Amino acid sequence: MDAALVALPRGRAVDQDFASLYQARFADLAGQLYAFTGDAAETHDLVQEAFIRAWERWERVQQYDDPVAWVRRVAWNLAMTRHKRLKIFRRVLDPNPPPPPGPDLGLDRMVLVQALRKLPEQLRRALVLHYLADMSIADIVAETGAAEGTVKSWLHRGRAELAVHLHGYRNGDK
């Protein structure tokens with residue numbers, strides 16, 4: 001477990017159920033958000049912050065049917081807020097930023113993340129939740145608050161746009 005969580009304030013020990021949830025799901029949630037952000041360090045910070053918020057409210061959060069869904073929603077909300085702020089910053093203050101450093105990923109994964117980053121936020125989020133988080137359409141509806149038809153449309157449009165961005169990529173062709 002990360003030292004940041006073990007050393008959380010308030011002087012109380014980390015609940016074993018919380019520790020188990022953190023150990024079991026941190027990597028999955030980080031993988032999902034990485035596909036959205038494309039920045040490993042940012043992703044780690046966002047998921048870490050979501051788990052810290054869960055820990056601060058653990059007595060309530062552990063009562064939920066799916067505490068992981070709560071943590072995921074918080075992480076996504078943090079990511080969306082940060083993404084909007086960065087978009088404004090990049091547009092106004094830094095129109096030509098240097099390329100971000102990335103983790104050592106396989107070429108396929110890097111190409112996929114680059115293609116996903118070209119999609120509009122809602123399409124990207126729907127694809128990541130459906131294919132990387134293994135969420136059903138009903139789960140995505142509950143997560144996003146969008147109508148079922150809207151989620152289906154996001155997935156359809158997202159797949160179509162992703163295919164355009166990945167066209168020609170096959171076993172290192174691009």
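Work through the residues other than ALA69 whose Cβ is under 13 Å from its Cβ and net out their charges, Lys, Arg +1 and Asp, Glu -1. Provide the component values of the computation, followed by the final result.
Numbers: positive: ARG25, ARG72, ARG73; negative: ASP28, ASP65, ASP66, ASP134, ASP139, GLU143.
Counting the neighbours of ALA69, the net charge comes to -3.
At 20 °C and 1.002 mPa s, grab the translational diffusion coefficient of segment 104-174 from Stokes-Einstein with a Kirkwood Rh over Cα pairs, rounded to a whole number in µm² per second. The partial results should precede the final answer.
Values: Rh = 12.7 Å.
Approximately 169 µm²/s, per Stokes-Einstein.
Please rank VAL71, VAL164, fewest neighbouring Cβ atoms within 10 Å first, as an exposure proxy. Kindly include the intermediate steps, with their values, before the conclusion.
Details: VAL71 23, VAL164 10.
Result, fewest neighbours first: VAL164, VAL71.
Let me check I've understood the local charge: for GLU42, count other residues with C-beta under 12 angstrom from its C-beta, Lys and Arg +1, Asp and Glu -1. What total comes out?
Numbers: positive: ARG82, ARG85; negative: ASP39, ASP45, GLU49.
Around GLU42, the surrounding residues sum to -1.
Just so you know, all these numbers are worked out from the coordinates, no wet-lab data involved. All of these numbers come straight from a predicted model, not from anything done at the bench. Reconstructed Cβ throughout: ideal geometry from the backbone, glycine too, with neighbour counts over all protein chains shown.
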